[in-house]
Amino acid sequence: MPINCAVLLSGSGTTLENLMGCIARGELDVTIQCAVSSRRDAYGLERARNNGIPAEAVHKGDYARWEDFDAALWDRVGAYSVDLIVLAGFMSLLSVPERFVNRIMNVHPGLIPAFSGKGMYGRRVHEAVLAYGAKVTGATVHFVDEEYDHGPIILQECVPVLDDDTAETLEARVQAKERELYPRAIQLFAEGRLRVEGRRVHAL
Ligand code: GAR
């Protein structure tokens with residue numbers, strides 16, 4: 001039986017596209033029940049609809065207070081019955097209700113805890129890695145808690161930084177790694193093979 005997921009996004013939706021491709025090829029035992037965006041102009045919403053997935057926006061800019069945005073978002077997601085929430089380029093902090101502890105995943109385009117936290121997302125991570133002169137970076141899939149890029153790490157792998165890299169070339173190499181790690185982590189969850197012990201996640 002496939003597990004049911006909600007995908008939360010804010011932007012172009014390449015992460016969602018990859019997951020939909022994996023599902024279509026039978027590599028991921030997941031049904032995406034809905035896509036919810038924090039921006040009404042996110043292209044990811046269109047990608048979802050093109051694949052017959054209900055898609056809606058809870059536009060963060062419409063809310064003066066984060067708490068109200070967060071409540072509205074959970075209200076929308078709560079309309080679906082889901083086992084797992086998958087953050088796919090979702091650029092906001094989220095509260096984590098008890099029933100979703102270790103049931104929300106995120107992919108970060110770097111090696112957490114380096115180059116992560118508030119304001120460190122997307123292309124900015126790769127610019128920071130290059131500016132610092134780091135020789136390796138990578139991708140991290142982790143469970144989400146109520147701090148930015150902070151919950152228990154599920155899968156994490158390195159990507160080399162090359163001498164002639166620009167933020168764009170580095171981003172492309174890291175995103176290729178994300179496209180490999182994220183479905184792997186979600187499939188482990190779907191198969192009930194992840195055990196969390198404090199900060200450590202064991203794949204059985
Ligand atoms: C990915 O590189 C992902 O790691 C990053 O957004 C990109 C995908 O966006 N997410 C973060 O930085 C979250 N902290 P997209 O799926 O909208 O194309």
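The values are calculated or read from the model by the stated rules, or taken from the named source; none is laboratory data. What you are looking at is a predicted structure, and each value in this text was computed from that prediction instead of being measured. Glycine also receives a Cβ, built like all others from the backbone with ideal geometry; neighbour counts cover every protein chain displayed. Please note that ligands, DNA and RNA were not included when accessible areas were found on the heavy atoms of the full protein model with its side chains. Shrake-Rupley method; radii C 1.70, N 1.55, O 1.52, S 1.80 Å.
Laid out as a table, the results:
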{"quantity": "Residue list for the stretch 79-89, filter: away from the ligand (no atom under 16 Å from the Cβ) and open to solvent by less than 50 Å² (accessible area, probe 1.4 Å)", "calculated": "V82, L84"}
{"quantity": "Filter pass, V96 being touching a helix residue (DSSP H, G or I) at 6+ places or on another chain (Cβ under 7 Å), under 27 Å from V196 (Cβ atoms), within 16 Å of the ligand (Cβ to nearest atom) and at pLDDT 95 or above", "calculated": "no"}
{"quantity": "Cross-chain or 6+ apart pairs with Cβ under 6 Å, the stretch 99-126 first and open to solvent by less than 10 Å² (accessible area, probe 1.4 Å), then more than 12 Å from the ligand (Cβ to nearest atom)", "calculated": "I104/I85"}
{"quantity": "G44, sole failed condition from (1) touching a strand residue (DSSP E or B) at 6+ places or on another chain (Cβ under 7 Å); (2) within 16 Å of the ligand (Cβ to nearest atom); (3) outside any helix (DSSP H, G or I)", "calculated": "(3)"}
{"quantity": "Boolean, A57 is surrounded by 14 or more Cβ atoms within 10 Å (Cβ to Cβ), under 30 Å from E191 (Cβ atoms) and among the aliphatic types (A, V, I, L, M)", "calculated": "no"}
{"quantity": "Residue list for the stretch 112-137, restricted to those being hydrophobic (A, V, I, L, M, F, W, C) and in a helix (DSSP H, G or I)", "calculated": "V125, A128, V129, L130, A131"}
{"quantity": "Long-range neighbours under 7 Å by Cβ, at least six apart or interchain, first residue in contact (Cβ under 8 Å) with a residue 60 or more places away in the chain and β-branched (V, I, T) within the stretch 41-56, second within 14 Å of the ligand (Cβ to nearest atom) and open to solvent by 100 Å² or more (accessible area, probe 1.4 Å)", "calculated": "none"}
